[in-house]
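Encoded as structure tokens, the structure appears first; notes follow it.
The values are calculated or read from the model by the stated rules, or taken from the named source; none is laboratory data. These numbers were taken from a predicted model, which means no experiment stands behind them. Glycine also receives a Cβ, built like all others from the backbone with ideal geometry; neighbour counts cover every protein chain displayed.
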């Protein structure tokens, strides 16, 4: 069991995508907000070390943004969505 605890896994959730001109990106500073095209109930990808492992949906609970896991991920679907 101690070896499992030593494994590093980075979990990320792809909430949305947007297109920004490079000029606008370079002007952004700490605390800048990037608008996304996602809302409560929208589907998201859940990634482990940049590899899709599950699908989920955005849920708002107690004023916090949460992700509910809904399905396993299909790598081909993820690549097609990119």
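Can you tell me which condition residue 80 does not meet? The list is (1) outside any loop (DSSP other than H, G, I, E, B); (2) surrounded by 11 or more Cβ atoms within 10 Å (Cβ to Cβ); (3) out of contact with any helix residue (DSSP H, G or I) (no Cβ under 9 Å at 6 or more places or on another chain), and all the others hold. Condition not satisfied by residue 80: (2). Scanning segment 1-23 for residues that are surrounded by 10 or more Cβ atoms within 10 Å (Cβ to Cβ) and either outside any loop (DSSP other than H, G, I, E, B) or without any contact (Cβ under 8 Å) to a residue 12 or more places away in the chain (or both) turns up 11, 12, 13, 14. The residues listed here are 53, 67; of these, the one that is over 11 Å from the mean Cα position of the chain (by Cα), farther than 14 Å from residue 17 by Cβ and in a strand (DSSP E or B) is 53. Residues in segment 24-50 that are exposed (fewer than 12 other Cβ atoms within 10 Å of the Cβ) and either assigned to a helix (DSSP H, G or I) or in contact (Cβ under 8 Å) with a residue 24 or more places away in the chain (or both): 6 in all. Test residue 71 against the stated conditions and say whether it is farther than 18 Å from residue 9 by Cβ, surrounded by 13 or more Cβ atoms within 10 Å (Cβ to Cβ), in contact with a strand residue (DSSP E or B) (Cβ under 7 Å, 6 or more places away or on another chain) and at pLDDT 90 or above. Judged against the criteria, residue 71 is not a match.
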